[in-house]
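The values are calculated or read from the model by the stated rules, or taken from the named source; none is laboratory data. Bear in mind the structure is a predicted one, so any value in this text is a computation, not a measurement. So basically every Cβ, Gly included, is an ideal-geometry build from the backbone, and we count neighbours across all protein chains shown. We work out accessible area using only protein heavy atoms, side chains counted, and drop any ligands, DNA or RNA first. Shrake-Rupley method; radii C 1.70, N 1.55, O 1.52, S 1.80 Å.
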Protein chains: 2
Amino acid sequence: MKQVTIYDIAKEANVSVATVSRVLNNTAPVKDSTRSKIMRLIDEYQFQPNALARGLSKKETGTIGVILPDVTNPFFPEVFSGIERMARDMGYTFFLCDTIGDYERESQYLNILREKQVDGIIFLGGRINLSKCKPELVDEVVETANRIPLVLVNGDLPGTSLYRVITNESKGAEIATQYLIDSGHRDIAFIAGNDNMTTTAQKVRAFKRIMKRNGLHVSGERVLYGDFSMASGERLMNRILSNEDRPTAVFCVNDFTAVGALKAAMKAGIGVPDDISIIGFDDIPLASAIYPELTTVKQQMDILGATAVQVLHKLIMKENVKKLTVIEPELVVRESTLSRDAIQ
Amino acid sequence: MKQVTIYDIAKEANVSVATVSRVLNNTAPVKDSTRSKIMRLIDEYQFQPNALARGLSKKETGTIGVILPDVTNPFFPEVFSGIERMARDMGYTFFLCDTIGDYERESQYLNILREKQVDGIIFLGGRINLSKCKPELVDEVVETANRIPLVLVNGDLPGTSLYRVITNESKGAEIATQYLIDSGHRDIAFIAGNDNMTTTAQKVRAFKRIMKRNGLHVSGERVLYGDFSMASGERLMNRILSNEDRPTAVFCVNDFTAVGALKAAMKAGIGVPDDISIIGFDDIPLASAIYPELTTVKQQMDILGATAVQVLHKLIMKENVKKLTVIEPELVVRESTLSRDAIQ
DNA sequence: TCGGCAATTGTAATGGGTTTCACTTTCGCT
DNA sequence: AGCGAAAGTGAAACCCATTACAATTGCCGA
């Protein structure tokens, strides 16, 4: 069962392959009668051009590689969904590469994508700490970016200047903190992620900054470091609750952590939001799936993805783009926070 | 910046491209000195073979297309993750195609994947009712399956005989029902999905069968039809609760629905599992993220994915495979169900 | 020293498109 | 009618690998 080729169509239509190619790509005028004859044959033979051959000669494949650390983490599918929606109409298809957080695999995938001649790469750094990874990988990424358009989403490689699309996480943390304070909270704890990651550092800094600006003190034990997981949220919340001097609100570095914290509170019989308010970050679907629904800072993940595509597309088209694009997060007030005005 | 080709390497090494190709693919003996000389050059020039060219001549691309209805639904990333883990070591890369439940797009993607010369296709039917879709699409899928190895996961196209990997959903529903009964429940409600979908029909049938087998009656109003969404779970649970005659347990067609139901109960001040037990289906991560953690029937999504890959791989290798592979689900008891033994 | 087989290596065809360049028609206009 | 421009088309090179087939070399035992 051999594949029908452009040659078969050409022969059948008594024209050259060039002409068939022209009607296929609309790249030059073709007489109407010729065109329709060819189209009929294409239809009849169910001819489908071989994308490999096309890619080989055009040096463009209409394919984009998306690298992410974990498909199973709801954050990424949301971003991917934004990428897809935006790029599909541009005619792109996607290689999805899940590195399961393994730098080794990142580098492997980078190679594979180059070999497959993708038109561009979107690298979802997400919560992974790119700044701590092996220098070889940094080189590898930079090297790749020199040859293929590459956009980093929510990540950074210090010492390099790659194209990036990021959420303004500092701003988000500021908004969340200020919101809690405006709601009357005075004693607020922050459950952070790994302390060596920039996303944690940024948020901690923002948190302290706003507290200070409002004349509030942040004692050392009110900032707890974990690892972004639900489990760590649960564990750290338990630590907070075991203390007789309990804060009235807890700000979590991400929704996963917040959900863990929430669970810990419920299990301990502490009412949320009545006894303690909890606020998360990201607004993954999970946030509104639970009870009480989580107040959180929404990262517009679909927009993050869509924007990354736009930037990448411009790079591919060799148009001018800003190196850095910042997406603003927004507060989503739901049920896990309560105003303290009454009780102050 | 022209790409380094096998010709460049060959010329530099004073050998023919054939020889270079041979060391690249280890397809014939090459003298050690020659080999190492070539390897050194490959390294030095950072030569990477062009996968398009290779695919074109080998007629195999090491690429698999995965079609699914919604990346954003946690069920699918889980399956995808299983696919990836299994297939990566076999050297495959994946095109991820999200149809957002649109039949039009399914057909588009099928075409694109054919053009891109994928080695095989994994079609995640999931909760989408393939049996109701347009006949053209059925033809399209069958037609594709005739040309390219194709495996259907958790789906079916009546009137066709495609290779399939499915979860034994009937069995799962039986187990769940029996478990509730064994726990002492006598009055159980079932919140189903759309009534025209096979997955719903199968589970409803299994539910009634087991109830009957245990001498229990299922009144008409104890089976409610929704649409698999959280919202419908919430709505239908409210309906159940508005009735003064309330069941002691509710079995939900999937976890999403169950989470909605759980939320409705909590909001209504009905304790779970103290006042009412709830059991779900799938065991998506969400199930164990909420409080109380959801008792559910686990679909082994990673195994589903991994198995699909194994079947597909055998098809690609033209080995013999069974048309149908069934994965057995298993009960996961957590916190949302309670034994009624005491109160009976 | 010679035939024969294995080990190495090269030549050229092949896979299926796109595209440059050149050539032939066909028009529009003067 | 005559001319230049535009339309329409084809031949052949090119993209970058793999591979069938052929050729050469090296080493063995006789």
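Annotations for the structure displayed:
- A:Gly55 meets all of the listed conditions (1) over 29 Å from A:Glu84 (Cβ atoms); (2) under 33 Å from the mean Cα position of the chain (by Cα); (3) of a type outside the set (S, T, N, Q) but one, namely (1).
- The residue that is nearest to the other protein chains (Cβ to nearest Cβ), among those in the range A:57-69 that are of a type in the set (A, V, I, L, M, F, W, C) and without any contact (Cβ under 8 Å) to a residue 60 or more places away in the chain, is A:Val66.
- Counting the residues of the range B:24-59 that are within 11 Å of DNA strand D (Cβ to nearest atom) and either open to solvent by 40 Å² or more (accessible area, probe 1.4 Å) or closer than 27 Å to A:Asn146 by Cβ (or both) gives 20.
- Condition check for A:Thr72: assigned to a loop (DSSP other than H, G, I, E, B), within 25 Å of B:Gly101 (Cα to Cα), open to solvent by 40 Å² or more (accessible area, probe 1.4 Å) and of a type in the set (Ser, Thr, Tyr): yes
- Taking the range B:8-23 as the range and being free of Cβ contacts under 8 Å to residues at least 24 places away in the same chain and either more than 6 Å from DNA strand D (Cβ to nearest atom) or basic (Lys, Arg) (or both) as the test, the residues that pass are B:Ala10, B:Lys11, B:Asn14, B:Val15, B:Ser16, B:Thr19, B:Val20, B:Arg22, B:Val23.
Condition check ((1) more than 8 Å from DNA strand C (Cβ to nearest atom); (2) touching a strand residue (DSSP E or B) at 6+ places or on another chain (Cβ under 7 Å); (3) polar (S, T, N, Q); (4) not in a loop (DSSP other than H, G, I, E, B)) across all residues:
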site	(1), (2), (3), (4)
A:Tyr7	no, no, no, yes
A:Val15	yes, no, no, no
A:Arg22	no, no, no, yes
A:Pro29	yes, no, no, no
A:Ser33	yes, no, yes, yes
A:Lys37	yes, no, no, yes
A:Leu41	yes, no, no, yes
A:Phe47	no, no, no, no
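- Residue within the range A:312-319 that is within 12 Å of another protein chain (Cβ to nearest Cβ) and open to solvent by 10 Å² or more (accessible area, probe 1.4 Å) present: no
- Test: B:Asn26 is within 8 Å of chain A (Cβ to nearest Cβ), free of Cβ contacts under 8 Å to residues at least 60 places away in the same chain and not hydroxyl-bearing (Ser, Thr, Tyr): no
- The one condition in (1) within 16 Å of DNA strand D (Cβ to nearest atom); (2) within 12 Å of chain B (Cβ to nearest Cβ) that A:Thr72 fails to fulfil: (1)
- Restricted to the range B:289-337, the set of strands (runs of 3 or more DSSP E) holding at least 2 residues that are hydrophobic (A, V, I, L, M, F, W, C) comprises B:324-327, B:330-332.
- Taken over the range B:274-294, the criterion of being open to solvent by 10 Å² or more (accessible area, probe 1.4 Å) and either farther than 21 Å from A:Ala287 by Cβ or away from chain A (no Cβ under 12 Å) (or both) is satisfied by B:Asp274, B:Asp275, B:Asp283.
- In the range A:89-109 there is no residue that is within 11 Å of DNA strand C (Cβ to nearest atom), within 29 Å of the chain's Cα centre (by Cα) and either open to solvent by less than 60 Å² (accessible area, probe 1.4 Å) or small (Gly, Ala, Ser) (or both).
- Condition check for A:Glu84: open to solvent by less than 10 Å² (accessible area, probe 1.4 Å) and either within 8 Å of chain B (Cβ to nearest Cβ) or touching a residue at least 40 places away in the same chain (Cβ under 8 Å) (or both): yes
- Comparison of B:Val297, B:Val326 shows that the only residue that is in contact (Cβ under 8 Å) with a residue 60 or more places away in the chain and open to solvent by 20 Å² or more (accessible area, probe 1.4 Å) is B:Val326.
- Per-region count, the range A:52-106, residues more than 20 Å from A:Lys314 (Cβ to Cβ) and among the hydroxyl-bearing types (Ser, Thr, Tyr): 5
- Odd one out for A:Ser336 among (1) outside the structural domain of A:Tyr92 (by TED's automatic domain parsing); (2) closer than 22 Å to A:Pro77 by Cβ; (3) among the hydroxyl-bearing types (Ser, Thr, Tyr): (2)
- Filter result (facing chain B (nearest Cβ under 9 Å), under 22 Å from A:Glu60 (Cβ atoms) and in contact with an Asp or Glu (Cβ under 9 Å, 6 or more places away or on another chain)) within the range A:87-108: A:Arg88, A:Phe94, A:Leu96, A:Cys97
- Of all residues making up the range B:161-198, the number that are polar (S, T, N, Q) and buried (at least 22 other Cβ atoms within 10 Å of the Cβ): 2
- The single condition among (1) part of a loop (DSSP other than H, G, I, E, B); (2) more than 13 Å from every other protein chain (Cβ to nearest Cβ); (3) over 28 Å from A:Gly120 (Cα atoms); (4) within 9 Å of DNA strand C (Cβ to nearest atom) that A:Lys2 does not satisfy is (2).
- The range B:273-298, residues that are among the polar types (S, T, N, Q) and at pLDDT 95 or above: B:Ser277, B:Thr295, B:Thr296
- Residue within the range A:87-108 that is assigned to a helix (DSSP H, G or I), aliphatic (A, V, I, L, M) and within 16 Å of DNA strand D (Cβ to nearest atom) present: no
- Residue within the range B:226-239 that is surrounded by fewer than 22 Cβ atoms within 10 Å (Cβ to Cβ), in contact with a strand residue (DSSP E or B) (Cβ under 9 Å, 6 or more places away or on another chain) and of a type outside the set (D, E, K, R) present: no
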